[in-house]
Amino acid sequence: MTATTKATRPSDSRRAALRKADDATVGGIPLVSNMFSIDRYFEAAEKLLNCFNVAYKERRLDDAYVYGRRFAKFSLDSLPSHQHYRAERHWLQKTKNNQDMADVVVKLETVVQWMDQEELQKEEEELRIGDGGLETRLVQTSD
């Protein structure tokens, strides 16, 4: 594979649709304002994490993908922009959030693998049903 060739996965279009819908409804990841305590933002990240973990455990893959992506983007892109993010008194919250983010990224890859499996199963089922329909028509016309 060359550097310009991108590998595709069975769930690429499904995930693209989820990203597009999420960006359209939520409007992207919210900006962090220094006018509000960073504690509020860590709490918001924790709520997203909890939503992700519940969806992941229940294998609600679309929800898990959206919540996990929101959590990772918020933790990686938005939280570090707060002026108190690097303050010593928030070290434990920041460390926990970073550990949670690493865990979510690993689990997101698992979610994508599960989505790929689902999409492959759907394709196989569609082919099987399609072939079965052809066989049924052939049997009926040969009688």
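Residue count for region 12-43 under the criterion of being at pLDDT below 95, within 19 Å of K94 (Cβ to Cβ) and touching a helix residue (DSSP H, G or I) at 6+ places or on another chain (Cβ under 8 Å): the result is 4. Within region 40-97, the only residue that satisfies the criterion of being surrounded by fewer than 14 Cβ atoms within 10 Å (Cβ to Cβ) and touching a Leu at 6+ places or on another chain (Cβ under 8 Å) is S81.
Residues being modelled with pLDDT under 95, farther than 25 Å from T8 by Cα and open to solvent by less than 70 Å² (accessible area, probe 1.4 Å) are entirely absent from region 100-109.
Is there a residue in region 42-62 that is touching a Lys or Arg at 6+ places or on another chain (Cβ under 7 Å) and assigned to a loop (DSSP other than H, G, I, E, B)? Scanning region 42-62, I find no residue that is touching a Lys or Arg at 6+ places or on another chain (Cβ under 7 Å) and assigned to a loop (DSSP other than H, G, I, E, B), so the answer is no.
The values are calculated or read from the model by the stated rules, or taken from the named source; none is laboratory data. Bear in mind that the values here come from a model prediction, so they are computed numbers and not experimental data. Because the Cβ atoms are built from the backbone with ideal geometry, glycine has one as well, and the counts that use them run over all protein chains shown. The accessibility values were calculated without ligands, DNA or RNA, using every heavy atom of the protein model including side chains. Shrake-Rupley method; radii C 1.70, N 1.55, O 1.52, S 1.80 Å.
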